[in-house]
1. How much of the accessible area of the chain, in percent, comes from carbon and sulfur atoms when a 1.4 Å probe is used?
2. Is there a quick way to get the dipole size of the chain? I mean about its Cα centre, with the Cβ of Lys and Arg at +1 and of Asp and Glu at -1; what is the value in debye to the nearest 20?
3. Once you have a ≥ b ≥ c as the square roots of the Cα gyration tensor eigenvalues for region 47-93, tell me rounded if a/c is under 1.5, and otherwise prolate or oblate according to whether a/b is larger than b/c.
4. Hey, of (1) 12.6; (2) 14.4; (3) 13.3, which did the structure itself give for Kirkwood radius over Cα pairs in Å when calculated?
5. Report, by chain and number, residues whose modeled amide H sits under 5 Å from the one on Y62, excluding near sequence neighbours (fewer than 5 apart, same chain).
6. Quick one: 3J(HN,Hα) in Hz for region 57-74, Karplus 6.51/-1.76/1.60 with θ = phi - 60°, rounded, Gly and Pro as x.
7. Between K16 and K54, what length in nm is gained on full extension when 0.36 nm per residue of separation is reduced by their alpha carbon distance?
8. Give me the net charge for the shell around V52: Cβ to Cβ below 9 angstrom, other residues only, Lys and Arg +1, Asp and Glu -1.
Amino acid sequence: MSYSLKQTRRFSRAYKKLHDNVIADVDEATDVVAADPTVGERKKGDLADLFVYKFRSQNQLYLLGYTADDEVHLIYLEAVGPHENFYRDLERS
């Protein structure tokens, strides 16, 4: 059963700034995550509730951070962006 997706404010702001060809790859990544939320890697420490799905777009590694609520079959898309400073920016907020 596929999960529903809900964007957080941080995700939607970062999503709007991406180029069209990267947006298409992000949409594919969200479809993969919606089909199987365990496909991402669970983080440790301060970000213990976060899963991160890694994908490539335009020869650059992008990360899709999300949390899953199994009871209501909902995935919260937390953040998206290139690997550089991804975790640092997440920990700050």
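The values are calculated or read from the model by the stated rules, or taken from the named source; none is laboratory data. Keep in mind the model is a prediction, meaning the values are calculated, not measured. When we count neighbours, we look across all protein chains shown, and the Cβ atoms used for this are built from the backbone with ideal geometry, even at glycine. The area values use the complete protein model at the heavy-atom level, side chains included, leaving out ligands, DNA and RNA. Shrake-Rupley method; radii C 1.70, N 1.55, O 1.52, S 1.80 Å.
1. Taking all protein chains in place, the chain shows 45 percent carbon and sulfur surface.
2. The dipole magnitude comes to about 420 debye.
3. Since a/c reaches 1.5 but b/c is at least a/b, the shape of region 47-93 is classed as oblate.
4. (3)
5. Long-range HN contacts for Y62: F55, R56, S57.
6. Using θ = phi - 60°, the values come out as 8, 6, 6, 10, 7, 10, 10, 10, x, 8, 10, 10, 10, 5, 5, 10, 6, 10 Hz.
7. Gain on extension, K16 to K54, equals 11.8 nm.
8. Once positives and negatives cancel, what remains is +2.
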